[in-house]
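None of the figures in this text is laboratory data; all of them are computed from the coordinates on show. What you see is a predicted model; the values in this text were computed from it and never measured. All Cβ positions, even for glycine, are placed from backbone atoms using ideal geometry, and neighbour counts span all protein chains on display.
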Amino acid sequence: MFSLHQVEIFQTVATEGSISRAAEMLYLSQPAVSQHIRSLEKDMGVKLLVRGRRGVTLTPAGEVFLKYAQQLLRLSREAREATRLSAQKGEQRQYLHIGATPGIGGCLLPHWMNDFYAFYQHITLALKVLPTSELVHLLAGQQIAFAVVGDSLNRAVVEVTHLWDEEAVIVVGRGHAWWKKSYIDAEWLAGQSFVMRENNSLAHAWELQSLAEFGINPHTVAEFNTTAAIKQAVIAGMGIALLPCFSIKNELDAGRLRGVRLNEGVLRRPIHLLWTPASLQSSGAESFVRFLDKHLENMPVQPAQPPASLPLISLLAEVGLTA
């Protein structure tokens, strides 16, 4: 009796019209692919393919079998998916409470949560979007398990794990003189009208420090407590802003904002994961940490040398969670 593996090989050869191309796609040797096809033909009792100098073509019997092969493979995928979903539905629903600062919570975390749910449909992520100081308070009180922030904490009552350094750029609207520029000199920023985060916030402090490194004391014309409001202000022509790349991806793609880099160097904003030892005991914590560890390797933003493995992974075993 033929196997689904042989059916998949046959479909790939038939679709590609070439044993060599099918071998490359399936990461098999050409002799191995040929052997599987011969075994399939022997089992069926008919020739399915005709080999020629320009590749392979289907025999009439092969054309009939291809239709059934496609149905078999589709049913196989559906069976696996239905079985997986059934197993997940049988698991007790878990809730994991997490937090994020406004820019990360509004622009980055929803994408992560969507990807997370595709793998862990029995876990509901509940997100709170708040300033870092309030997230630290919730973590210390065990009201949330994890928080992702774009701020540095000198004295923290929680654990801080560095995730990556996100590139930040100067953001301008369509009507700005720099709209068609990719790079500018830092000295050009002097005298520009800046739209910034609210005073006394960690995000505001990061903006001032980053600009000060290039000798710029920004002229602030407006302050907002959310990244969304800052972006709208820049789009309206109120001024320019300094924002991390992940927060402006949609606006860049839509042509509503433009990111401008500095000739003198790259601006970076550190992204951290905040947690406590109690976080690792939370329902769904192991799944979240493992997902985050893998997700960082294929992040849809622009990390600068993300860690190969999240440091929290090594702690899972220490609190009794399986490796």
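Please compute one quarter of the surface area of the Cα convex hull for the chain and express it in square nanometres.
Reported value for the Cα convex hull: 23.0 nm².
Under 14 Å between alpha carbons, and skipping anything fewer than 8 positions from Lys67 in its own chain: which aspartates and glutamates qualify?
Lys67 reaches Glu8.
Mind checking the angle between helix 109-119 and the chain's longest principal axis? C-alpha axes, 0 to 90 degrees, to the nearest 10.
So the inclination is approximately 30 degrees.
If you line up the long axis of helix 60-90 against the longest principal axis of the chain, both from Cα atoms, how many degrees apart are they, to the nearest 10?
Its long axis makes an angle of about 50 degrees.
Run the dipole for segment 150-269 about the Cα centre, Lys and Arg Cβ at +1, Asp and Glu Cβ at -1, nothing else charged, and hand back the magnitude in debye, nearest 20.
Taking the Cα centre of segment 150-269 as origin, the dipole is about 440 debye.
For a footprinting-style exposure proxy, rank Trp179, Trp275, Trp164 by other Cβ within 10 Å, fewest first.
Trp179, Trp164, Trp275
Work out, in µm²/s and without decimals, the Stokes-Einstein translational diffusion coefficient of segment 4-90 at 10 °C, 1.306 mPa s, Rh from Kirkwood over C-alpha pairs.
Value of D from the Cα-based Kirkwood radius: 115 µm²/s.
Going by how many other Cβ atoms sit within 10 Å of their own, how do Ser20, Ser152, Ser29, Ser279 line up, fewest first?
Final ranking by Cβ density, sparse to dense: Ser29, Ser20, Ser152, Ser279.
Between segment 5-47 and segment 150-200, how many Å separate their Cα centres?
With segment 5-47 and segment 150-200 each reduced to a Cα centre, they are spaced 54 Å.
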